[in-house]
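The values are calculated or read from the model by the stated rules, or taken from the named source; none is laboratory data. Note that the structure is predicted; figures quoted are calculated from it, not measured. Neighbour counts run over all protein chains shown; Cβ positions are idealised from the backbone, glycine included. Keep in mind that these areas ignore ligands, DNA and RNA; they rest on the heavy atoms of the full protein, side chains included. Shrake-Rupley method; radii C 1.70, N 1.55, O 1.52, S 1.80 Å.
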Amino acid sequence: MVLTRRLLYLALALSVVVVALPVAATLWVCLALLVGLVATDMLLAGSPRQVRVERVPGEAVRLGQSTTAVSVLHHQGRRRLRGSIKDGWQPSAGSQRPIQPIAIPPGGRQRISVPLRPRRRGDLVSATAAVRSLGPMGLAGRQVVHRSRHLQRVLPPFRSRRHLPSKLQRLRELDGQTAVQIRGAGTEFDSLRDYVRGDDVRSIDWRATARRRTGAGHNLVVRTWRPERDRRVILCLDSSRTSAARIEDEPRLDTGMEASLLLGVLAAGAGDRVDFIGFDRGIVARARSSSSGDFLHKMVNAMATMDPELVEADFSQLPSHVAAISSQRSLVVVLTSLESGSLEEGLLPVLPALTAKHLVLLAAVRDPDLDRRTGERETATEVYRAAAAEREIIEREAKKAQLTAMGVEVVDATPHELPPLLADTYIRLKATGRL
């Protein structure tokens, strides 16, 4: 049963009659009139139970983009249905107009569009739709809540995509598509060409030169090299408790996603085979590049439902996860934190098993607030904060030196700098032939 404001206004109008004629009979007549009108309006209202709610699947959107949730109401009753419908979207879905008016004739249908502006990624769900039917006088009506699930997937924003064109251009230059290939750009043989002044004499192919003898002499032939293709890049994103820390108003996990997306798309574009896993106590997300299909689409869908878990990461399983993906030498990128506890007790003991066979690259998010606090020393409180920040920086540098001594490449940068710096490190490793 639903009562509207019109009933309230009518009751106020009848109260004037009761005040003008202050007898019991007037009160009872007014009450009987109100009850009769409400009962009549409810009986003449279309039945909301005769409505079937059909959800129209929507496409996934990136965080920060707007979308529209579409539903179709099928009226199977015999009376005209007039009223409203309210979708049960959670607050983070950013529903702009959750209550929509409806007017459906018997046997008809109506399309309902609810604008959404999601404020977090993941799967947003509207599990219910409340259909309210009002009578012809608009005094009262009936309401039924239909259980009908509507799912809207919100993908990571991938803001670091703006760096992708410049990084791909550098790879093309490295690959020799826009510059002359020389020795040192890689170790994978590409082609033969004539010797020109300035070429490394170690690149001369004497057998090919002997085969190209001419009557007047012979031209020297050199080999050209290119960066290796079809290499393995394994991205391992830590989603344990340390990834829940907010740095620059963003969880560390989201920064790791941005860096993983940029590096994964870049490596796939360079012809390497890329695997992505998200892990805490076990694998929580997985994506793999292939000749068919968009790897970016696979990665963002795998990351969409990832959330930080308040558990310790089980780094002891990491070597077995990597071995299950590839048995050949690979670039293993671990995106985690440089906090002392989780690093010393979790990752450091298993690094020798990884570095013995693979090239390991550790990427960590650095809090820029540390550098800001070291320069603020006006009050006693600021001095203590600066001392704590200095100690944290010293410990991070010691951890980085320890990791470097173990043969691990380390990228430690602020949230905005981490994705491009990680991509630059990959390009440098590829250019020096270390992959």
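Quick notes
- Complete set of residues in the stretch 1-52 that are surrounded by 16 or more Cβ atoms within 10 Å (Cβ to Cβ), out of contact with any Gly (no Cβ under 8 Å at 6 or more places or on another chain) and closer than 30 Å to SER148 by Cα: VAL38
- Considering each residue of the stretch 400-407 in turn, none proves to be open to solvent by less than 50 Å² (accessible area, probe 1.4 Å), touching a residue at least 40 places away in the same chain (Cβ under 8 Å), under 26 Å from MET257 (Cβ atoms) and part of a loop (DSSP other than H, G, I, E, B).
- Residue within the stretch 46-58 that is at pLDDT 90 or above, within 22 Å of LEU155 (Cα to Cα) and of a type in the set (Asp, Glu) present: no
- Some residue of the stretch 85-101 being closer than 30 Å to VAL284 by Cα, in contact with an Asp or Glu (Cβ under 8 Å, 6 or more places away or on another chain) and open to solvent by less than 50 Å² (accessible area, probe 1.4 Å): yes
- Boolean, LEU347 is part of a strand (DSSP E or B) and either of a type in the set (A, V, I, L, M, F, W, C) or buried (at least 19 other Cβ atoms within 10 Å of the Cβ) (or both): no
- Identification of strands (runs of 3 or more DSSP E) wholly contained in the stretch 134-226 with 3 or more residues that are at pLDDT below 90 yields 188-194, 221-226.
- Residue count for the stretch 358-375 satisfying the condition of being open to solvent by less than 70 Å² (accessible area, probe 1.4 Å) and in a helix (DSSP H, G or I): 4.
- Some residue of the stretch 384-399 being surrounded by fewer than 18 Cβ atoms within 10 Å (Cβ to Cβ), in a helix (DSSP H, G or I) and touching a residue at least 24 places away in the same chain (Cβ under 8 Å): yes
- Residues within the stretch 74-84 that are open to solvent by 40 Å² or more (accessible area, probe 1.4 Å) and of a type in the set (S, T, N, Q), tallied: 1
- Screening the stretch 106-116 for residues that are surrounded by 13 or more Cβ atoms within 10 Å (Cβ to Cβ) and out of contact with any Leu (no Cβ under 7 Å at 6 or more places or on another chain) and picking the one that is nearest to LEU44 (Cα to Cα) gives PRO106.
- Candidates PRO419, PRO415, PRO352: the one that is assigned to a helix (DSSP H, G or I) and within 30 Å of PRO165 (Cα to Cα) is PRO419.
- Picking from residues in the stretch 372-408 that are farther than 22 Å from LEU343 by Cα and among the charged types (D, E, K, R), the one that is farthest from the chain's Cα centre (by Cα) is GLU378.
- Checked against (1) surrounded by fewer than 22 Cβ atoms within 10 Å (Cβ to Cβ); (2) part of a helix (DSSP H, G or I), SER290 passes all but a single condition, namely (2).
- Residue list for the stretch 291-322, restricted to those being under 27 Å from ALA353 (Cα atoms), touching a residue at least 60 places away in the same chain (Cβ under 8 Å) and not aliphatic (A, V, I, L, M): PRO308, GLU309, GLU312, HIS321
- Checked against (1) of a type outside the set (Lys, Arg); (2) open to solvent by less than 40 Å² (accessible area, probe 1.4 Å); (3) not in a helix (DSSP H, G or I), PRO319 meets all criteria but (3).
- Residue satisfying all of: in the stretch 298-316; in a helix (DSSP H, G or I) and in contact with a Leu (Cβ under 9 Å, 6 or more places away or on another chain); nearest to LEU429 (Cα to Cα) among these: MET299
- Which numbered condition GLU378 misses (of (1) open to solvent by 40 Å² or more (accessible area, probe 1.4 Å); (2) closer than 20 Å to LEU347 by Cβ): (2)
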